[in-house]
């Protein structure tokens, strides 16, 4: 069933506006939302965010961790962004905290693809720009490691962050190039890299050239 | 559920009277105006009359009206047709033109024309002083839209024409009046323009119809070749039902103009005032008074346009946004960029454009629903923009 929806939505070269029913459900009835005022009493064990309002998307996540089991027992969030940004963050919060909670190690491994599967797909053009919640979650977990002085466990993406505002990494750029983005503009279309922090653009151009040479030369 | 269509700048429905007019020409009076038998000649006569009726509205000669297939085609004919008929030189367009102008200008740039952009101020008005500086003896064409489709700002076209012609009397002036059609004065003598674009789908007429007013003796060449219809400027068998519909719609709009403008301004102002009283941190984009009677363009801080649109849609309200997330190109609105709006505010912009069938009750309904939607999305949002400061994250 999920596969079917997937195909319907994504076979239209990303021009489609169709959101799956699951996306709509999470957009109109978001789960694990942080309501204003709740922050003060929540006492999060970790907080992380990604994006900026200028980029059009920003996610902030708070987690509570059981120190014994190292599982995420609660996960709350806030998002500025479009329907898919809101729905994907909502779905991520469910994935992180459902069934007794995800272990920190497993949560660190969550990627946009995992969220997409659960959402029943998204219009192609929405994937790279709006599914950023996993980065906010990793930032929250790193924050927890920092607070609990487990500095050696902090993982910054397993890749190098190129854009400090959007937390776009060299891996993201590699992926974009592999998907056919061969100019800065096209890579930006997919990743929005540099829209919040243009100072990284020379590095981005270097990387595009590097990956183009590596894969297409 | 109540359905409230507030996207009249995108397109309008067809009025029954217009449809009725068109119905006569599909099956019964279907002739080709170029034919010599009576069915053809009847069609030719209807076409000639239609041209005369448009000429009356625009206060011009009927030979100066060229019927085309859309507003976009009319814009293309204006720019490309003038470019073809003249030696390569400079074209000035404003930074807030419709894509039909901007992308045609970009094409002309690729074949050697110099395209110069006239800047606008924060309200979207073309700065006359800046425009003055851009005009040279090489300026072949100036194209500035009458009223903007996104922010509704209305340009003082007559004054701009005067500025241009005072410096270079040979410069041709084109205005895209598609949005202005139902609301503003279309008298080409008063405006002083050489070319003016109108289309049917913005004034309760049929889609796929448009016209270009071409002032007598203006040097223009066709961009579509064929049987030489429309004074050799636009070939192709005339779309008589479409043309009759366009003309009828234009006449109705003209007859209703005074009353409808008053009614819409009252509705528009009620909308804007209520939103500004009942919703915090919302800004009006475009000029406060020099704006189309039906245009409301607002920025809701801290939230994103596509999300607002979809929540509105759930309530049966249809509007549009300048946010990148809702555009196929993922680019933000070039118009909102041109008036200097920062990205974070462009993302939260929504355009409501009123129309003939919107009632007081419709607006009351929107005004009842909108504050809840904004509050709901703001509750989800981690952003809290501080005026005059760099965007802040809620702590």
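The values are calculated or read from the model by the stated rules, or taken from the named source; none is laboratory data. It should be emphasised that the depicted structure is a prediction, and the values quoted were computed from it without experimental measurement. Neighbour counts run over all protein chains shown; Cβ positions are idealised from the backbone, glycine included.
If you take the residues in the stretch A:115-126 that are in contact (Cβ under 8 Å) with a residue 60 or more places away in the chain and assigned to a helix (DSSP H, G or I), which one is nearest to the chain's Cα centre (by Cα)? The extreme case among them is A:126.
Which ones in the stretch A:25-39 are facing chain B (nearest Cβ under 10 Å) and either modelled with pLDDT of 90 or more or surrounded by 19 or more Cβ atoms within 10 Å (Cβ to Cβ) (or both)? Hits for the stretch A:25-39 are A:27, A:28, A:30, A:33, A:34. Which residue pairs have Cβ atoms under 7 Å apart, sit 6 or more places apart or on different chains, and have a first residue in the stretch B:96-113 that is under 13 Å from residue B:197 (Cβ atoms) and a second that is assigned to a loop (DSSP other than H, G, I, E, B) and modelled with pLDDT of 95 or more? These pairs meet every condition: B:97/B:145; B:98/B:145; B:98/B:149. For the stretch B:312-328, filtering for residues that are modelled with pLDDT under 75 and outside any loop (DSSP other than H, G, I, E, B) leaves 3.
Okay, residues lined up against (1) closer than 22 Å to residue A:95 by Cβ; (2) buried (at least 21 other Cβ atoms within 10 Å of the Cβ); (3) away from chain B (no Cβ under 13 Å); (4) out of contact with any strand residue (DSSP E or B) (no Cβ under 9 Å at 6 or more places or on another chain):
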site	(1), (2), (3), (4)
A:114	yes, no, yes, yes
A:122	yes, yes, no, yes
A:141	yes, yes, yes, no
A:175	yes, no, yes, yes
A:185	no, no, no, yes
A:191	no, yes, no, no
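Filtering the stretch B:257-291 to residues that are under 21 Å from the mean Cα position of the chain (by Cα), touching a residue at least 60 places away in the same chain (Cβ under 8 Å) and either surrounded by fewer than 23 Cβ atoms within 10 Å (Cβ to Cβ) or closer than 17 Å to residue B:5 by Cα (or both) leaves B:257, B:260, B:261, B:264, B:267, B:268, B:287, B:288, B:290.
Apart from one condition, residue A:68 fits all of (1) surrounded by fewer than 24 Cβ atoms within 10 Å (Cβ to Cβ); (2) within 30 Å of residue B:308 (Cα to Cα); the exception is (2).
Can you find a residue that is touching a residue at least 40 places away in the same chain (Cβ under 8 Å) and within 14 Å of chain B (Cβ to nearest Cβ) anywhere in the stretch A:149-165? There is at least one residue in the stretch A:149-165 that is touching a residue at least 40 places away in the same chain (Cβ under 8 Å) and within 14 Å of chain B (Cβ to nearest Cβ). Within the stretch B:193-243, the set of residues being within 19 Å of the chain's Cα centre (by Cα) and free of Cβ contacts under 8 Å to residues at least 60 places away in the same chain comprises B:193, B:194, B:200. Can residue B:66 be described as crowded, with 21+ Cβ neighbours inside 10 Å and assigned to a strand (DSSP E or B)? Yes; evaluated as a whole, the condition is true for this residue.
Are any residues in the stretch A:40-60 in a strand (DSSP E or B), closer than 17 Å to residue A:154 by Cα and more than 7 Å from every other protein chain (Cβ to nearest Cβ), and if so, which ones?
Just the residues of the stretch A:40-60 that are in a strand (DSSP E or B), to begin with: A:46-52, A:57-60.
Narrowing further to those that are closer than 17 Å to residue A:154 by Cα: A:46-50.
Hits for the stretch A:40-60 are A:46, A:47, A:48, A:50.
Residues to consider are B:298, B:312, B:336; find the one that is more than 11 Å from every other protein chain (Cβ to nearest Cβ) and under 21 Å from residue A:87 (Cα atoms). Talk me through it step by step, then tell me what you get.
Values: B:298 fails: under 21 Å from residue A:87 (Cα atoms); B:336 fails: under 21 Å from residue A:87 (Cα atoms).
Going through B:298, B:312, B:336 in turn, just one is more than 11 Å from every other protein chain (Cβ to nearest Cβ) and under 21 Å from residue A:87 (Cα atoms): B:312.
Of the candidates A:203, A:134, A:143, A:182, the single residue that is at pLDDT 80 or above, in a helix (DSSP H, G or I) and in contact with a helix residue (DSSP H, G or I) (Cβ under 8 Å, 6 or more places away or on another chain) is A:134.
Among A:166, A:92, A:104, which is at pLDDT 85 or above and under 14 Å from the mean Cα position of the chain (by Cα)? Let's see the steps before the verdict.
On the way: A:166 fails: at pLDDT 85 or above; A:104 fails: under 14 Å from the mean Cα position of the chain (by Cα).
So the residue among A:166, A:92, A:104 that is at pLDDT 85 or above and under 14 Å from the mean Cα position of the chain (by Cα) is A:92.
Per-residue answers, yes or no, for (1) in contact with a helix residue (DSSP H, G or I) (Cβ under 7 Å, 6 or more places away or on another chain); (2) within 18 Å of residue B:359 (Cα to Cα):
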residue	(1), (2)
B:255	no, no
B:265	no, yes
B:282	yes, no
B:306	yes, no
B:310	yes, no
B:315	yes, yes
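Scanning the stretch B:204-219 for residues that are in contact with a helix residue (DSSP H, G or I) (Cβ under 9 Å, 6 or more places away or on another chain) and surrounded by fewer than 24 Cβ atoms within 10 Å (Cβ to Cβ) turns up B:206, B:207, B:208, B:215, B:216, B:218, B:219. Restricting attention to the stretch A:75-103, the residues that are in contact (Cβ under 8 Å) with a residue 40 or more places away in the chain, surrounded by fewer than 24 Cβ atoms within 10 Å (Cβ to Cβ) and in a helix (DSSP H, G or I) add up to 2.
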